[in-house]
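See structure below.
The values are calculated or read from the model by the stated rules, or taken from the named source; none is laboratory data. Computed from a predicted structure; not experimentally measured. Cβ: placed from backbone, ideal geometry, glycine included. Neighbour counts: every protein chain shown.
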Amino acid sequence: MKNPLLETTALPAFTQILPEHVEPAIDQLLAHNRAERDRLLAQVGPATWEAIVEPLAVMENQLSRAWGVVSHLNSVMNSDELRVAHTACLAKLSNYYTEMGQNRELFEAYSAVMENAQDLSHEQRKVLENALLDFRLSGVDLEGPAKEEYRSLSEKLSGLSSAFSNNVLDASNAWTRLIIDREALAGLPESALAVAAQSARQREMEGYLLTLDAPSFLPVMTYAEDAALREEVYQAFSTRASDQGPQASQFDNTDALGEILAARHRQADLLGFGNYAELSLAKKMARSTGEVMDFLQALVDRVLPQAKQEFDELCRFTEEHFGVVELRAWDVAFFSEKLRQHKHQLTEEEVKVYFPADRVISGMFEVVGRLFSVHFHPVENAQTYHPDVLLYEIRDRNGEVRAQFYFDLYARQNKRGGAWMAQCQSRMKIGGVDQIPVAYMTCNFTPGVDGEPSLLTHREVETLFHEFGHGLHHMLTRVDHPDIAGISGVAWDAVELPSQFMENYCWQREALDCFAAHHETGAPLPDHLYQRMIDAKNFQAGMAMVRQLEFSLFDFKLHLEFDPESGASVYDTLNEVRDQVSVLKPPEWNRFAHAFTHVFGGGYAAGYYSYKWAEVLSADAFSLFEERGIFDPETGAAFLSKILERGGADDAMNLFVDFRGREPEIGALLRHSGIAA
């Protein structure tokens with residue numbers, strides 16, 4: 001029986017893929033790729049694009065497609081069996097990619113193709129430039145024991161990162177709190193109570209079940225009147241996968257933190273970098289660690305005074321209106337919501353009735369269609385991996401199918417938290433392969449309960465637009481080479497540009513009119529409510545920004561200042577950063593770093609600053625639409641052709657200057673964030 005992971009001509013056959021298919025498929029693909037590589041290198045004759053690069057791209061595409069399905073299912077349909085199969089392949093894949101990157105003969109073949117590049121296109125040369133840099137960053141120039149040590153470290157890091165994420169997922173899933181008395185949940189809106197009741201019913205319990213998933217955790221922290229309950233939930237959440245809290249040492253990431261940092265630093269050392277932060281910047285827009293630190297410090301200097309004023313205002317408010325003299329970490333969201341209601345007469349519950357999920361989705365499609373002249377169509381009878389998941393296709397004005405994407409929007413058990421876009425397959429039109437891009441679009445919104453529609457908070461609407469921006473970057477590319485198509489090959493500190501750009505359309509009246517309508521009456525968002533949303537848009541913007549700067553500085557300093565002699569000083573570094581930028585330090589038992597999956601389980605190591613760096617780009621890019629009209633067709637066509645369609649085919653700064661006519665400026669970000677000049 002044929003292994004469904006080895007299919008090459010169709011979308012994934014999800015219902016046929018079983019955990020036992022994973023390891024045999026990956027083993028077969030790795031063996032095939034190694035044999036194909038050796039065959040190509042043994043050819044007689046000059047190394048050419050057609051003889052070396054294209055066939056390697058074809059074989060890598062098939063491996064990427066197969067492993068992409070496995071990785072995605074492991075994130076959204078996690079099971080013990082699938083996790084075992086996924087973990088079994090990590091070391092094999094790590095060894096394979098390090099082996100390819102350290103293959104001197106392959107490096108020399110690519111170098112030879114590059115030396116004869118006069119007949120190659122700009123895009124082909126960009127593929128080669130990126131590949132040659134990747135060879136060097138994989139240790140191709142290392143010899144003997146150093147090369148073997150680098151390979152061993154890569155394998156170790158692959159396993160550690162996966163284990164780190166698994167611990168966070170397991171810790172999140174393991175904690176629950178059953179509440180029998182509804183009065184104990186005083187303050188929670190009806191929608192949150194309905195979710196808690198449904199969670200209890202799904203586990204055959206009576207009452208209300210609280211979990212650490214966002215649809216449960218966030219309402220408790222924002223609305224629960226019982227401070228002791230808020231503290232209990234906060235402690236469970238902020239000690240996940242650590243040596244503290246109710247699950248102390250059960251899913252502990254303490255050792256993994258130190259081992260990951262040490263392995264990264266040693267790899268950087270082997271490659272001749274002073275630290276991992278320097279290695280991280282080798283493929284980013286930022287040109288030096290000093291430039292990143294100066295950028296972050298400049299933002300701190302601009303924002304921290306306002307953040308302190310906002311926190312002082314919150315403290316005065318809570319003391320005056322509630323008699324609370326000292327705010328604790330689990331009080332901030334609760335009393336901030338009280339202050340927001342007091343100042344702006346605005347609650348999330350009042351707003352979310354105008355954002356039914358289905359309407360928001362169709363309206364987002366309309367917004368994107370007006371901007372970029374594309375149309376969205378559901379694919380009927382599509383095979384997906386869960387009943388909630390839908391498949392769509394994107395067509396251009398000529399009816400050409402440009403891309404497809406899976407929409408997986410709602411939280412459920414055994415699904416990783418957060419929101420993300422992942423690649424199912426990239427655009428590729430070389431070497432006899434002709435495939436369109438396909439994306440996985442994943443969120444964790446609160447599903448509808450008891451036949452009622454799912455209603456999104458405005459923050460969730462922003463999240464949806466944000467992730468769809470990533471999807472558009474991947475799906476609307478016109479680049480035919482998968483290594484630089486869509487988000488591939490884009491500098492990591494520029495990859496958030498399209499996603500953060502799309503968030504702006506959640507605040508524009510003309511765009512909101514496409515999708516903001518009452519879920520029962522269909523009435524549009526009232527002007528008075530819209531104005532209150534705008535007035536409250538930058539409520540505590542300073543506090544929100546210094547929190548992101550805290551994460552960015554912590555991540556960067558941790559990798560920049562790591563000392564192999566003394567080892568990881570994770571919480572010393574975090575406390576040092578908090579002393580500099582935080583308006584309220586959390587309790588000593590807070591273990592934020594133990595669940596910081598962006599950095600220790602994902603791709604943001606020494607790169608979390610990228611969110612703010614790219615936000616400068618996105619705000620400045622959108623300011624051109626503000627000048628010309630948010631749906632100006634000429635400007636939309638320019639953003640499509642010069643940013644989205646180009647993907648990683650040119651340096652990010654060149655693409656930005658081509659669109660904006662100059663290098664980015666910080667003013668638009670500060671203005672959009674309500675940061676005083």
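In this entry, Glu452 is excluded by the filter for residues that are closer than 24 Å to Phe501 by Cα and either of a type in the set (D, E, K, R) or modelled with pLDDT under 95 (or both).
In the stretch 569-616, how many residues are in a loop (DSSP other than H, G, I, E, B) and of a type in the set (S, T, N, Q)? The qualifying residues number 3. Condition check: in contact with a helix residue (DSSP H, G or I) (Cβ under 9 Å, 6 or more places away or on another chain), among the aromatic types (Phe, Trp, Tyr), part of a helix (DSSP H, G or I) and more than 30 Å from Glu310 (Cβ to Cβ). Does Phe551 satisfy that? Considered against the rule, which asks whether it is in contact with a helix residue (DSSP H, G or I) (Cβ under 9 Å, 6 or more places away or on another chain), among the aromatic types (Phe, Trp, Tyr), part of a helix (DSSP H, G or I) and more than 30 Å from Glu310 (Cβ to Cβ), Phe551 comes out as no. Of the numbered conditions (1) small (Gly, Ala, Ser); (2) in contact with a Phe, Trp or Tyr (Cβ under 9 Å, 6 or more places away or on another chain); (3) closer than 24 Å to Phe273 by Cα, Gly567 fails exactly one; give the number of that condition. It fails just one condition, (2).
If you check Ser191, Ser165 for being in contact (Cβ under 8 Å) with a residue 12 or more places away in the chain, out of contact with any Phe, Trp or Tyr (no Cβ under 7 Å at 6 or more places or on another chain) and farther than 30 Å from Gln250 by Cβ, only one passes: Ser191.
Restricted to the stretch 406-485, the set of strands (runs of 3 or more DSSP E) holding at least 3 residues that are within 14 Å of the chain's Cα centre (by Cα), outside the structural domain of Gly68 (by TED's automatic domain parsing) and touching a residue at least 40 places away in the same chain (Cβ under 8 Å) comprises 420-425, 438-445. Of the candidates Gly629, Gly647, Gly667, the single residue that is at pLDDT below 95, outside the structural domain of Gln124 (by TED's automatic domain parsing) and small (Gly, Ala, Ser) is Gly667.
Please work out if Ala248 is assigned to a loop (DSSP other than H, G, I, E, B), at pLDDT below 95 and among the aliphatic types (A, V, I, L, M). It is true that Ala248 is assigned to a loop (DSSP other than H, G, I, E, B), at pLDDT below 95 and among the aliphatic types (A, V, I, L, M). Looking at the stretch 520-537, I want the residues that are loosely packed, with under 12 Cβ neighbours inside 10 Å and have a partner that is not in a strand (DSSP E or B) with Cβ atoms under 6 Å, at least 6 apart or on another chain. Which pairs are those? Close Cβ pairs satisfying both conditions: none exist. Of note, Glu108 satisfies the criterion of being at pLDDT 95 or above and over 27 Å from Met421 (Cβ atoms).
In the set Glu232, Glu310, only one residue is in contact with a helix residue (DSSP H, G or I) (Cβ under 7 Å, 6 or more places away or on another chain) and either of a type in the set (Val, Ile, Thr) or buried (at least 16 other Cβ atoms within 10 Å of the Cβ) (or both); that residue is Glu310. Taken as a whole, the structure places Leu558 among residues that are touching a residue at least 60 places away in the same chain (Cβ under 8 Å), assigned to a helix (DSSP H, G or I) and not assigned by TED's automatic domain parsing to the domain that holds Glu503. Among residues of the stretch 162-188 being among the small types (Gly, Ala, Ser) and in a helix (DSSP H, G or I), the one that is farthest from Asp243 (Cα to Cα) is Ala184.
Residue count for the stretch 367-405 under the criterion of being touching a residue at least 40 places away in the same chain (Cβ under 8 Å), surrounded by 16 or more Cβ atoms within 10 Å (Cβ to Cβ) and under 22 Å from His466 (Cβ atoms): the result is 12. If I filter the stretch 140-160 down to residues being within 27 Å of Asn253 (Cβ to Cβ) and touching a Lys or Arg at 6+ places or on another chain (Cβ under 8 Å), which single residue comes out as surrounded by the fewest Cβ atoms within 10 Å (Cβ to Cβ)? For the stretch 140-160, the residue satisfying everything is Glu149. Being in contact with a helix residue (DSSP H, G or I) (Cβ under 7 Å, 6 or more places away or on another chain), more than 17 Å from His559 (Cβ to Cβ) and not assigned by TED's automatic domain parsing to the domain that holds Glu615 is a property that holds for Val303.
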